[in-house]
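Student: Pasting in a structure now, in structure tokens, and then I'll have a few things to ask.
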């Protein structure tokens, strides 16, 4: 069902993502980056793709980050690999368990596999290479909080697999697009992955006509009569981010209340944003002020600077430029030259509205 808020797992549950699925399935690159803003459907696309290959392994980096209190340890990475391997189904599960049974630090009891604290992930990957595997890491930019060297240990493991394990492929997804690029470091001479060829699949919000068709088809699925005018009005507010379209469609199907359903979406966005902003504030409270300034129309560099100054933050030019650049890398904002002058805008219009109301 299109209005089911849970991540999709089967191709037929996704709407108009055939091209991106085929790109992920057909790439021969050892490493592929799956990129897109928050709530655009990357997790669903990754899960569907991994379920369509016999040997897909799903790793959730963001879960590791929060479960470990903001610093991913080798223990938490081992536990996540253990969970992912135990979730395998069908004949591949038996093949993987049989292969891993000979690896140091791996024990198999009945239908359960356990990795001890001294298990070496390089040896686990070598065993997976014997049967072939596609390893998907969701929100992979959080792995920069792995270990004591900004995730370099994980990148070194990835580089080893890239160079030596021909039957493994990795897909790294990320909402903070620039940060994921920086973390992987293909163009960074000091990165273990420097110079490696890789693929990229970019998942974009729906254009207007597809957003309209998404809502129309979703309402048809649940037997709700929604007028074209209502759907057009909803898209005016919500644009093409699938996550928000799902929330609206689900709520309207229950209540038949247009204004109430929109407010429900914005309430959900406020809850989502609360955690995201708390995380941003840990890095610098000035990020929040910059986002507020842009959302409230203070969207040029000098206006942002003045907005911060009025709130007691006199930020040097170089530091402000760095903060704005970081927000671009994290896919919160983007530069817009359509007016002939450089302005910034919040990429997600729902988030923009919520920020403007703070």
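All of the numbers you see were taken from the coordinates with simple rules; none came from a lab. These numbers were taken from a predicted model, which means no experiment stands behind them. Neighbour counts run over all protein chains shown; Cβ positions are idealised from the backbone, glycine included.
Student: Say each of residue 255 and residue 217 gets a label point 7 Å from the Cα, pointing the same way as Cα to Cβ; how far apart are those two points in nm?
Tutor: 2.7
Student: Order the peptides 331-342, 279-290 from the highest to the lowest mean number of other Cβ atoms within 10 Å of their residues.
Tutor: Values: 331-342: 13.2, 279-290: 16.2.
Ranked by mean Cβ neighbours within 10 Å, highest first: 279-290, 331-342.
Student: Turning to a different aspect of this structure: Sort 32, 99, 49 so the one with the fewest other Cβ atoms within 10 Å of its own Cβ comes first.
Tutor: On the way: 32 22, 99 17, 49 25.
Ordered from fewest to most neighbouring Cβ atoms within 10 Å, 32, 99, 49 come out as 99, 32, 49.
Student: How long are the three semi-axes of the equivalent ellipsoid for region 284-358, computed from the Cα gyration tensor as the root of 5 times each eigenvalue, in whole Å, largest first? Don't skip to the answer; put the middle values down first.
Tutor: Numbers: eigenvalues 58, 41, 29 Å².
Computed over region 284-358, the values are 17, 14, 12 Å.
Student: Taking 0.36 nm per residue of separation and subtracting the Cα-Cα distance, what length does fully extending residue 163 through residue 336 add? Could you put the intermediate results ahead of the total?
Tutor: Numbers: separation 173, 0.36 × 173 = 62.28 nm, distance 3.99 nm.
Length gained between residue 163 and residue 336: 58.3 nm.
Student: Right, next: Quick one: what does P(r) look like for region 122-221 with 5 Å bins over all Cα pairs, in whole %?
Tutor: Each 5 Å bin holds this share of Cα pairs: 3, 11, 18, 19, 16, 10, 6, 6, 7, 4, 0.
Student: Please state, as a whole number in µm²/s, the translational diffusion coefficient that the Stokes-Einstein equation yields for the chain at 20 °C and 1.002 mPa s, with Rh defined as the Kirkwood radius across alpha carbon pairs. Intermediate results must be reported in sequence, preceding the final value.
Tutor: Numbers: Rh = 22.1 Å.
This corresponds to a translational diffusion coefficient of 97 µm²/s.
Student: Let me ask something else about it. Taking other Cβ within 10 Å of each residue's Cβ, how do 254, 229 sort, fewest first? Numbers along the way, then the final one.
Tutor: Details: 254 14, 229 8.
In order of increasing Cβ crowding within 10 Å: 229, 254.
Student: Let me ask something else about it. Quick one: which of 65-72, 106-113, 146-153 comes out on top by average Cβ neighbours within 10 Å, and what's the full order, highest first?
Tutor: Numbers: 65-72: 15.0, 106-113: 12.2, 146-153: 17.1.
In descending order of packing, they fall as 146-153, 65-72, 106-113.
Student: Most exposed first by the Cβ proxy, i.e. fewest other Cβ within 10 Å, how do 47, 204 rank?
Tutor: Numbers: 47 20, 204 13.
Arranged by neighbour count, lowest to highest, 47, 204 become 204, 47.
Student: Report, to the nearest 10°, how far helix 152-164 tilts away from the longest principal axis of the Cα atoms in the chain, using its own Cα long axis and a range of 0 to 90°.
Tutor: 60
Student: What do you get for the angle between helix 208-221 and the principal long axis of the chain? Use alpha-carbon atoms, 0 to 90 degrees, nearest ten.
Tutor: Orientation of helix 208-221: about 70 degrees from the principal axis.
Student: Something else: How much mean residue ellipticity at 222 nm does the chain get from its helices, if each DSSP H run of length 4 or more adds -39500 (n - 2.57) and you divide by all residues, to the nearest 500 deg cm²/dmol? Provide the component values of the computation, followed by the final result.
Tutor: On the way: 16 runs with 188 residues, N = 358.
Computed mean residue ellipticity for the chain: -16000 deg cm²/dmol.
Student: Once the Cα atoms of helix 317-329 and of the chain are each reduced to a long axis, what angle between those two axes, in degrees from 0 to 90 to the nearest 10, is obtained?
Tutor: 60
Student: Take the Cβ-Cβ distance between residue 281 and residue 310 as r, set R0 to 22 Å, and report the resulting FRET efficiency rounded to the nearest 0.05. Please list the in-between numbers first.
Tutor: Details: r = 19 Å, r/R0 = 0.86.
Efficiency, from the Cβ-Cβ distance: 0.70.
Student: Right, another one. Whole number please: convex hull volume per residue, Cα atoms of region 11-202, in Å³.
Tutor: Details: hull volume 22.3 nm³, N = 192.
Considering the Cα atoms of region 11-202, their hull volume per residue is 116 Å³.
Student: Output the antiparallel fraction of DSSP beta bridges having both residues in region 11-202, as a percent to the nearest 5. Intermediate values should be presented prior to the final figure.
Tutor: Working: 4 of 24 bridges.
So the antiparallel bridges amount to about 15 percent of the total.
Student: Calculate how large, on average over all directions, the projected area of the Cα convex hull of region 206-282 is; give the answer in nm² to one decimal.
Tutor: Numbers: hull surface 20.6 nm².
Averaged projected hull area, Cα only: 5.2 nm².
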